[in-house]
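Asks: So that we are looking at the same thing, I have put the structure below in structure tokens.
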Amino acid sequence: MKIHPKEYWDKHSAAFDSIYTGRRNPISKALDRLLRKDMFQRLDFAMGESEPIRGKAFLDAGCGSGLYTLELARKGASRAVGIDISSRMLDLARERLRDQPNVEFLEVDLLDHNTEVPYDVCLAMGFFDYTENAPAYLQRLLVLAREKVILSFPRKGTLRSFVRRLRLRVLGINVYFYSKPGIERLARDSGFALARIVKVGQLYCATIEKRAAVRSSPASPSIGP
């Protein structure tokens, strides 16, 4: 039976967060180091593409337990807003919040998120894995961002994509995978071109700059295996 992503993440929030915190048994920690290395590498990608961070406003769409949002605040963002549809994920994020007036966590779907104060940069890392209507969500990110959006996509055609699709289907949730041409087309159809797309392990990480007209983007090096 298919379930809504909110229901899935409310149920599995603590288990997912433990990948980052390391609060897992030794076998799970070893498997994370082997199979989920790219989850940490995409954090490095996002922070690097976000520079210069100091003094800028950021939106972290699908913020989960707040890892990216809080890291942006730590690095000097003037405003860091994390949004998510999972109340339990946001509970974990707020538990980590320590007297940081420049950080806010909101329970809202990206398509319903409105703000009078624009963001300089929008992030959606691990977001499009579970997004059925990718064009609509990308368009919303591009409306909200003044400068650029930073994204990640699970790669189509890998062994992990096959296993992950089956595992999540059993749990009642769909997961979506992308090819490089498909991501380029998604960006192009939005009216912008990819400024950068990088293979990061089993993922693609990409940046779309608002000032970039639609054009072909050069190939970029890979990060990780």
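The values are calculated or read from the model by the stated rules, or taken from the named source; none is laboratory data. Not measured: the values here are computed from a predicted model. As a convention, Cβ positions derive from the backbone with ideal geometry for all residues, glycine included, and neighbour counts pool all protein chains shown.
Asks: Can you tell me which residue in segment 144-167 is nearest to Val200 (Cα to Cα), limited to those that are without any contact (Cβ under 8 Å) to a residue 24 or more places away in the chain and among the hydrophobic types (A, V, I, L, M, F, W, C)?
Replies: Kept after step one, since they are without any contact (Cβ under 8 Å) to a residue 24 or more places away in the chain, are these residues of segment 144-167: 157, 159, 162-167.
So of that shortlist, the ones also among the hydrophobic types (A, V, I, L, M, F, W, C) come out as 159, 162-163, 166.
Working: Leu159: 15, Phe162: 18, Val163: 18, Leu166: 22 Å.
Among those residues, the one meeting the criterion is Leu159.
Asks: Exactly one of these conditions fails for Arg185: (1) among the basic types (Lys, Arg); (2) in a helix (DSSP H, G or I); (3) surrounded by 15 or more Cβ atoms within 10 Å (Cβ to Cβ). Give me its number.
Replies: The number of the failed condition is (3).
Asks: Within segment 167-175, identify whether any single residue is over 20 Å from Leu138 (Cβ atoms), at pLDDT below 90, of a type outside the set (Lys, Arg) and assigned to a helix (DSSP H, G or I), and answer yes or no. Steps first, answer last, please.
Replies: Initial filter on segment 167-175 (over 20 Å from Leu138 (Cβ atoms)): 167-173.
Imposing the further condition that a residue be at pLDDT below 90 reduces the set to 167-172.
Keeping just the survivors that are of a type outside the set (Lys, Arg) gives 168, 170-172.
Narrowing the set further to residues that are assigned to a helix (DSSP H, G or I) leaves 168, 170.
Yes, segment 167-175 contains a residue that is over 20 Å from Leu138 (Cβ atoms), at pLDDT below 90, of a type outside the set (Lys, Arg) and assigned to a helix (DSSP H, G or I).
Asks: From the set of residues in segment 101-117 that are surrounded by 13 or more Cβ atoms within 10 Å (Cβ to Cβ) and in contact with a Lys or Arg (Cβ under 7 Å, 6 or more places away or on another chain), which is nearest to Ala57 (Cα to Cα)?
Replies: Among those residues, the one meeting the criterion is Asn102.
Asks: A follow-up question, please. Identify, please: which residue in segment 1-44 is surrounded by 14 or more Cβ atoms within 10 Å (Cβ to Cβ) and not in a helix (DSSP H, G or I) and is, among those, modelled with the lowest pLDDT?
Replies: Arg24
Asks: Let me ask something else. Out of (1) surrounded by fewer than 14 Cβ atoms within 10 Å (Cβ to Cβ); (2) assigned to a helix (DSSP H, G or I); (3) of a type in the set (D, E, K, R), the odd one out for Arg98 is which?
Replies: (2)
Asks: Looking only at segment 72-95, filter to residues that are in a loop (DSSP other than H, G, I, E, B) and in contact (Cβ under 8 Å) with a residue 40 or more places away in the chain; which one of those is farthest from Trp9 (Cα to Cα)? Walk me through how you get there before you give the answer.
Replies: Within segment 72-95, the subset in a loop (DSSP other than H, G, I, E, B) is 75-78, 85-86.
Narrowing further to those that are in contact (Cβ under 8 Å) with a residue 40 or more places away in the chain: 85-86.
Numbers: Ile85: 8, Ser86: 6 Å.
Out of the qualifying residues, it is Ile85.
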